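Structure, as structure tokens:
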Amino acid sequence: MNIHEYQAKELLAARGVAIPSGEVCDSADRARDIASALLAGGDTLVAVKSQIHAGGRGKGTFKSGYKGGVKLFKTAEEVHAGAAAMLGNVLVTKQTGAEGRLVNKLIVAGAPAIEKELYLAVLLDRVTSRPVIMASTEGGMDIEEVAAHTPEKIFKESVDPAVGLMPYQARRISVQLGLRGDLISQGAKLIAGVYRTWLETDAALIEINPLCIIKGGDGKLKLVALDAKMSLEDNALFRHPDLQGLRDLAEEAPLEIEASKFNLNYIKLDGSIACLVNGAGLAMATMDIIQYFGGRPANFLDVGGGASKEQVTAAFRIILQDPNVKGILVNIFGGIMDCNVIATGIAAAVKETGMKLPLVVRLEGNNVVAGKKTLAESGLTIISGDSMADAAKKVVQDVGA
Ligand code: GDP
Ligand code: MN
């Protein structure tokens with residue numbers, strides 16, 4: 001589950017991570033008031049930041065034509081105008097896709113002069129099965145780019161979960177980041193705070209990009225988290241009733257929300273061949289084989305090992321709501337799954353929705369004979385696939401690549 005920058009910053013600040021002073025708001029008038037207070041308090045520039053679950057906001061463009069989802073202003077009136085241009089409008093960035101995201105909230109914060117932009121992240125390293133702190137002197141850019149072109153500028157510190165992050169590790173990263181003097185201890189404190197936030201919230205990822213060295217009003221250098229991207233581990237959310245409330249349904253694809261109500265693992269993609277599969281591994285393989293034969297999957301959908309007829313019907317309804325879908329591939333390997341349950345669900349769903357698209361079904365395994373009989377007697381036009389490859393070929397042919 002992804003959360004907003006302002007929510008991440010609250011969790012971080014509560015654990016000692018320095019962030020710029022500011023507030024979240026949902027109206028241009030309120031934005032102006034916050035800006036007035038910041039300017040009266042000594043800030044000379046105010047940042048207005050669109051809150052959406054996607055990065056690249058700085059370089060994004062609104063559908064209205066207004067440029068920039070993160071902007072700096074000198075006066076409260078400019079903040080008012082900027083906030084009015086962002087709120088209620090759709091921001092398109094490199095990460096949102098063409099449809100963009102509606103901006104409902106803004107952070108209005110003091111915008112200190114930046115001396116240097118750095119990068120810091122905490123995540124799980126699947127190779128070592130340990131938390132890893134990742135840092136780079138190249139802040140403010142895509143870390144993927146840095147990793148591809150200048151991997152030597154990325155530093156990693158693996159954490160032994162039994163002892164936790166050791167202070168010397170946090171200091172070592174600070175030094176590698178080029179921090180000197182007092183900034184080294186500021187860095188160590190900030191890194192420890194980010195790590196603690198990651199651990200205590202069962203986060204999957206916390207990314208501070210940029211982590212900035214700024215010059216305070218007193219002329220002293222300070223280290224602050226200027227941006228924060230955070231995603232929480234869904235499977236651990238049950239342990240955090242307080243964090244469950246941070247979910248923003250407006251940011252999630254409506255079909256994915258509908259799917260989660262039925263305990264279906266559905267992820268919308270942008271191809272034209274919908275697939276309904278039992279088991280995540282088989283679902284991945286099905287998407288691969290569709291691509292292999294020249295088609296493009298419209299979704300990932302794992303109905304689970306023991307889906308009910310209701311779940312299968314719901315799954316069908318959900319994949320059919322995607323207007324890009326031109327054909328459907330059902331690929332079931334019945335281990336625990338009873339093929340006849342799937343067949344009954346398919347027959348019911350096709351009748352209920354009046355679906356006319358090509359439907360290719362490959363059924364194999366537990367109770368397959370009864371399943372095939374149900375489909376044959378349903379009166380529906382179903383193309384049966386003899387094998388996974390045969391089924392994929394047939395659906396790609398019918399849909400046309
Ligand atoms: P993102 O584009 O979605 O990652 O949003 P960021 O919060 O990272 O903002 C984009 C860029 O805007 C940053 O890399 C900074 O260069 C700049 N920026 C954001 N906030 C401030 C600020 O408070 N002061 C200054 N000077 N620049 C800022
Ligand atoms: Mn950023």
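The values are calculated or read from the model by the stated rules, or taken from the named source; none is laboratory data. Note that the structure is predicted; figures quoted are calculated from it, not measured. All Cβ positions, even for glycine, are placed from backbone atoms using ideal geometry, and neighbour counts span all protein chains on display.
A few notes on this one:
- For region 316-368, the set of residues classified as part of a helix (DSSP H, G or I) and either within 22 Å of G295 (Cα to Cα) or not aliphatic (A, V, I, L, M) (or both) consists of F316, R317, I318, I319, L320, C339, N340, T344, G345, K351, E352, T353, listed by residue number.
- Members of region 369-401 that are in contact with a Phe, Trp or Tyr (Cβ under 6 Å, 6 or more places away or on another chain) and more than 23 Å from I290 (Cα to Cα): none
- Elements of type strands (runs of 3 or more DSSP E) in region 1-113, at least 1 residues being touching a Pro at 6+ places or on another chain (Cβ under 9 Å): 46-50, 106-110
- Considering region 137-163, and only residues there that are within 16 Å of ligand 1 (Cβ to nearest atom) and of a type in the set (D, E, K, R), the residue that is modelled with the highest pLDDT turns out to be E138.
- Checked against the criterion of being at pLDDT 85 or above, acidic (D, E), outside any strand (DSSP E or B) and surrounded by 15 or more Cβ atoms within 10 Å (Cβ to Cβ), region 300-311 has no qualifying residue.
- The residues in region 67-88 that are away from ligand 1 (no atom under 16 Å from the Cβ) and farther than 18 Å from S36 by Cα can be counted, and the count is 3.
- Breaking point among (1) in a loop (DSSP other than H, G, I, E, B); (2) among the charged types (D, E, K, R); (3) out of contact with any Lys or Arg (no Cβ under 8 Å at 6 or more places or on another chain), for D160: (3)
- Test: residue in region 126-142 that is basic (K, R), assigned by TED's automatic domain parsing to the domain that holds E233, under 21 Å from S231 (Cα atoms) and touching a Ser or Thr at 6+ places or on another chain (Cβ under 9 Å): yes
- Only residues that are away from ligand 2 (no atom under 16 Å from the Cβ), touching a strand residue (DSSP E or B) at 6+ places or on another chain (Cβ under 8 Å) and modelled with pLDDT of 95 or more were counted across region 1-29, and they come to 6.
- Subset of region 375-398 (residues that are surrounded by fewer than 20 Cβ atoms within 10 Å (Cβ to Cβ) and assigned to a helix (DSSP H, G or I)): A376, E377, M388, A389, D390, K393, Q397, D398
- In region 55-67 there is no residue that is crowded, with 21+ Cβ neighbours inside 10 Å and among the hydrophobic types (A, V, I, L, M, F, W, C).
- V127 being assigned to a loop (DSSP other than H, G, I, E, B), over 30 Å from L39 (Cβ atoms) and not aromatic (F, W, Y): yes
- Single condition A148 does not satisfy, out of (1) hydrophobic (A, V, I, L, M, F, W, C); (2) within 29 Å of E251 (Cα to Cα); (3) out of contact with any strand residue (DSSP E or B) (no Cβ under 7 Å at 6 or more places or on another chain): (2)
- Check on V163, under 23 Å from the mean Cα position of the chain (by Cα) and assigned by TED's automatic domain parsing to the domain that holds A236: no
- Candidate set from region 193-222 (those that are more than 20 Å from the chain's Cα centre (by Cα) and within 16 Å of ligand 2 (Cβ to nearest atom)); member that is surrounded by the most Cβ atoms within 10 Å (Cβ to Cβ): L211
- Per-region count, region 141-168, residues more than 18 Å from L211 (Cβ to Cβ) and of a type outside the set (V, I, T): 12
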